[in-house]
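Presented below is the structure to which this report refers.
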């Protein structure tokens with residue numbers, strides 16, 4: 001049996017639950033009471049996927065991944081009837097994983113927002 005290493009980001013939310021997400025495919029995620037529980041769920045799912053649906057198994061192209069926190073200002077708004085009411089900006093610290101992919105492009109993953117994109 002071969003071993004495949006897949007990069008995973010684990011974080012804790014405000015409710016105290018943990019989420020583990022595959023860095024290169026952030027839509028593949030597990031939620032649990034502990035980080036170990038999330039990783040075990042993710043491992044079972046990935047093992048099942050590799051055996052039963054190998055074409056869906058995540059590719060691991062990201063080289064030299066680095067975790068950074070990006071400070072982002074978000075201005076939420078709400079709508080009442082036809083009027084939009086913006087609120088004061090909220091400062092967020094967003095975890096991002098970036099690195100190079102095999103094609104010499106750079107890639108960035110933002111698992112809590114289920115984002116993945118490449119750039120020059």
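Key figures for this structure:
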{"quantity": "Some residue of region 83-106 being surrounded by 10 or more Cβ atoms within 10 Å (Cβ to Cβ) and touching a helix residue (DSSP H, G or I) at 6+ places or on another chain (Cβ under 6 Å)", "calculated": "no"}
{"quantity": "Yes/no for residue 58 being touching a strand residue (DSSP E or B) at 6+ places or on another chain (Cβ under 7 Å), at pLDDT 85 or above and surrounded by 10 or more Cβ atoms within 10 Å (Cβ to Cβ)", "calculated": "no"}
{"quantity": "Condition met for residue 70 (within 27 Å of residue 120 (Cα to Cα), in the same structural domain as residue 113 (by TED's automatic domain parsing) and more than 17 Å from the chain's Cα centre (by Cα))", "calculated": "no"}
{"quantity": "Hits in region 104-116 (condition: over 11 Å from the mean Cα position of the chain (by Cα) and either assigned by TED's automatic domain parsing to the domain that holds residue 21 or in contact (Cβ under 8 Å) with a residue 24 or more places away in the chain (or both))", "calculated": "107"}
{"quantity": "So residue 64, is it part of a strand (DSSP E or B) and at positive phi", "calculated": "yes"}
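The values are calculated or read from the model by the stated rules, or taken from the named source; none is laboratory data. Worth saying up front: this structure is predicted, and the values here are computed from it rather than measured. A quick note on method: Cβ atoms are made from the backbone with ideal geometry, for glycine too, and the neighbour counts reach across all protein chains shown.
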